[in-house]
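So the structure is just underneath, and the comments pick up after that.
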Amino acid sequence: MLYVANWKMNPPSLNDAKRLLKNIRTGINTGVKDKKTQIIICPPAIFLTKLGRPSSLIKFGIQNIGSKERGAFTGEISVLMAADANVEYCLVNHSERKLYFNETTRDANQKIKLCLEKRITPIFCIGESQKQFKKGKTKPALENQLKQGLKDIGIMNIKKVILAYEPLWAISSQKGAKAENPDQILGINILIRKILFGLYDQKIARETKILYGGSVAPKNAALYVKNKSIDGFLIGSASLNSFSFLNIIKNCQKN
Ligand code: PEP
């Protein structure tokens, strides 16, 4: 199981970030070590090179990269810089990037290609809006995102992409967010695998790693893993507290 911690724009200082990571490391060494567990920490980019080296259990990811490799793009971080910082994973097209920074699925496609060229594993976030969900448009919404986001990426590379299914209204930063029903997630996981089958083949449909994200917490995480179709979680607010984050992992390991 993959547990991806998205720290977003937190914590406010490097010392706090170091403390949080130290508490997670200590907790893991004293309780949650297990061969099937892989943790990926996505801190704010400015802290990335200052949090020590990755280990076999804890790797680092970046929350975003620019859609161009180099050039005059004030404020952007290039994939070249991410690779130079030994980043192994990159979140792509997170819902907050779409919502607040107008990021499109075309941007996602460019970023995924850049990551793959530099051997960084993209974690491509997909998900329908509440409006699309209510109108029964989840399938076309996900299908469009997958088609556009993965456009012109060869089958050998598609295998390297991790998907994170995050229904937009379930992310805790959204107004009125609430955790999605675990049974519905099973249905949508199957739906995503069917779409992948239509676009590619059975092997891709079966083997692509699909994470779930949206207000995942110690009290609900185990309910999601019961259905066995989830390969891990993308965790926002609960990853900012080492106890919550470790308890999510512990609760899932019991199942
Ligand atoms: C996220 O940031 O991807 C996320 C799922 O956040 P939260 O767990 O806070 O809903």
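Nothing in this text is a laboratory measurement; each read-out follows from the coordinates by a stated rule. In this text, all values refer to a predicted model and were calculated from it rather than measured experimentally. As a convention, Cβ positions derive from the backbone with ideal geometry for all residues, glycine included, and neighbour counts pool all protein chains shown.
Tabulated results
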{"quantity": "Two-site FRET efficiency, LEU80 against LEU191, from Cβ-Cβ distance with R₀ of 25 Å, rounded to 0.05", "calculated": "0.10"}
{"quantity": "All lysines inside 18 Å of LYS50 as judged from Cα atoms, apart from same-chain residues fewer than 8 positions distant", "calculated": "LYS8, LYS18, LYS22, LYS59"}
{"quantity": "Total charge dipole magnitude, the stretch 72-126, about the Cα centre, Cβ charges on Lys, Arg, Asp, Glu only, Debye to nearest 20", "calculated": "180"}
{"quantity": "Among CYS90, ILE28, GLY236 - extreme Cα towards positive end, dipole of the chain, charges at beta-carbon", "calculated": "ILE28"}
{"quantity": "Alpha-carbon centroid distance for the pair the stretch 6-56 / the stretch 127-205, whole angstrom", "calculated": "27"}
{"quantity": "Dimensionless Rg/Rh of the chain - Kirkwood Rh, Rg from C-alpha atoms", "calculated": "0.94"}
{"quantity": "Net dipole in debye of the stretch 72-203 [+1 Lys, Arg Cβ; -1 Asp, Glu Cβ; about Cα centre; nearest 20]", "calculated": "460"}
{"quantity": "Net dipole in debye of the chain [+1 Lys, Arg Cβ; -1 Asp, Glu Cβ; about Cα centre; nearest 20]", "calculated": "440"}
{"quantity": "Taking only Cα atoms of the stretch 1-99, radius of gyration then Dmax in Å", "calculated": "14.1, 47"}
{"quantity": "Calculated [θ] (222 nm, deg cm²/dmol) that DSSP helices of n ≥ 4 give over the chain, each run adding -39,500 (n - 2.57)", "calculated": "-12000 deg cm²/dmol"}
{"quantity": "Percent of Cα pairs exceeding the 24 Å cut-off, where the set is the stretch 114-253", "calculated": "31"}
{"quantity": "Residues PHE73, PHE245, sorted so that the one with the fewest Cβ neighbours within 10 Å comes first", "calculated": "PHE73, PHE245"}
{"quantity": "Gain upon complete extension [LYS159, ASN10; 0.36 nm per residue less C-alpha separation]", "calculated": "50.5 nm"}
{"quantity": "Of LYS160/LYS226; LYS36/LYS131; LYS68/LYS194; LYS111/LYS254, pairs whose Cα-Cα distance is over 29 Å", "calculated": "LYS36/LYS131; LYS68/LYS194; LYS111/LYS254"}
{"quantity": "Nearby aspartates and glutamates by direct alpha-carbon distance to LYS203 (threshold 17 angstrom, same-chain neighbours under 8 apart not counted)", "calculated": "ASP231"}
{"quantity": "Under the Karplus curve 6.51 cos²θ - 1.76 cosθ + 1.60, θ = phi - 60°, whole-Hz ³J(HN,Hα) for the stretch 193-204, x wherever Gly or Pro sits", "calculated": "5, 5, 4, 4, 4, x, 7, 10, 8, 5, 5, 5"}
{"quantity": "Projected-area mean, the stretch 78-163, by convex hull of Cα positions, square nanometres", "calculated": "5.7"}
